[in-house]
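Okay, so here's the structure we're looking at.
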Amino acid sequence: DRFRESKVYMRALFDYIPLEDKATPCQEAGLPFTRGDILQVVTQDDPTWWQAKRVGDSNLRAGLIPSKQFQESYFNGQYIAGLRRSFRLSRKDRQGSAGEGSDPGDPDFMTYEEVTRYQQRPNERPRLVVLIGSLGARINELKQRVIAENPHRYAVAVPHTTRPKKPHEKDGVEYHFVTKQQFDVDTLNNKFIEHGEYKENQYGTSIEAIRSVQAKNKMCIVDVQPEALKRLRTAEFKPYVIFVKPRVPEGRRRRSAATSPGGGDHGRLTDEDIQEMRQSAIQIDQQYGHLVDRILIKEDSVSACAELRGILERLEKESFWVPVSWVR
Ligand code: 5GP
C-alpha cells in the first residue's frame, strides 16, 4: 500500500519559493512551484506539510509543500510567523483592483484546487471555449475567423440586444432582438453571463444561448470580460479558458514609430499604447491567471487563428486537467 501511486493532484494557485519561506521545517527539502503547476501530492499525512512532485518533472524525489489547510490559514491571516511577503502583496493587489470580483471569503481562490484528468467522450457535450484577452488582443475577430472556417463545428452564442433589427438581419441569427423592458427583466433574473451598453442600446449574452449551441453538439466559443469566468466555471460548461495576449514590442521605441514585429496587425503604436497593453495583460494575469488553461501569444491574426484552431482540435482529442468537482 505504501508504494501505491497517489491519485491526488492539485493545481497550484500561488507561487511557492521554499528558499523565501521562513515557516518551512527545511528550505532545502521544499518543492518550488509556480501558479498553474500541477502537483501530485504523494502524502498528506502531516497536517501542515505535504510531500509532492510536480507533474512533468523527471525528478523522482518528492519535496515539501505547505498543506492546503496551512496555506489557507496563512491567507486568512491566522498564521503570521512566516513572512511570505510576495503572496501577501499579490493578494492585496488583487483585492484592490478586483472589487466585488475578489473573493476573500473563499480561500480556495488562493491555495490549491484539486484536479483530475478529463477527456471529452464523443457522446458528451463539447466543452465551452472561453476567450479572454488583454488590450489589443481583438478576441472577437479571432473568434469570428475560427468559426467562419468551420461553421458546422464551432459557433458563437447569439447575443441579445435592444437595438432595432436591421433589414438584412434575422431574429435569432445575428441577435435575439428584445425590448428594453425584457432586457431589464432578463438582467434581473441573471440570464446573462455578461451585458453592456453600446450607443444607448443594451447587449448581453445569455446562458441559454450557450446551451443552445451545445445542444446542437457544436463547440461554443465566447469572448467575454474575465469577470464572467466565475459564472461560467461549472461542471455543465467545463470551460477551457484561453487568455489571448498580443505580442507587445520589447524595449523602448520612438513615439509613433513602433510597429509590432513580423508584420503584426497592431499598426502604429506609441509608447503609451505599449505601456497600456502591457499593463492590461499584467492586470488580467494577476486577477484571473489561475483560471486560465492556456495562454496564446498573438503575433498577428493569421498565426493566432491557426494556433487557436490547433488548440480546439486537441481539446476534442486529448485529456486536460479540470477541477474534480466537474466530473464527480
Ligand atoms: P452592432 O449593433 O453593430 O451589431 O454591435 C455593436 C457593438 O455592440 C459591438 O461592437 C459590441 O461592442 C457590442 N456587442 C455586441 N454583442 C455584445 C454582447 O453580447 N455583449 C456586449 N457587452 N456587447 C456586445
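All of the numbers you see were taken from the coordinates with simple rules; none came from a lab. If you're wondering where the values come from, they're calculated on a predicted model, not measured in any experiment. Every residue, glycine as well, gets a Cβ built from its backbone with ideal geometry; the counts of neighbours run over all protein chains shown.
When you filter the trypsin sites (Lys or Arg not before Pro) in segment 177-220 for DSSP loop state and at most 16 other Cβ atoms inside 10 Å of their Cβ, you are left with LYS199, LYS216. Between HIS168 and VAL327, the simple spin-label model (points 7 angstrom out along Cα→Cβ) gives 4.6 nm. Multiplying the residue separation of VAL185 and GLN69 by 0.36 nm and subtracting their alpha-carbon distance yields 37.6 nm.
Reachable lysines from LYS22, Cα under 25 Å, same-chain residues fewer than 8 places away excluded? The reachable lysines, counting only those whose Cα sits under 25 Å from LYS22, are LYS53, LYS68, LYS92.
Label-to-label distance, ASN123 versus ASN201, with points set 7 angstrom from Cα along the beta-carbon direction: 4.3 nm. Largest first and in whole Å, the equivalent-ellipsoid semi-axes of segment 156-217 read 18, 16, 9, each the square root of five times a Cα gyration tensor eigenvalue.
Straight-line cross-link reach from LYS230 at under 16 Å between alpha-carbon atoms covers these aspartates and glutamates, not counting any fewer than eight positions away in the same chain: GLU100, ASP103, ASP106, ASP108, GLU113, GLU194, ASP285, ASP293. By the rule of a C-alpha distance below 17 Å, with chain neighbours fewer than 8 residues away ignored, the aspartates and glutamates paired with LYS166 are GLU174, GLU200.
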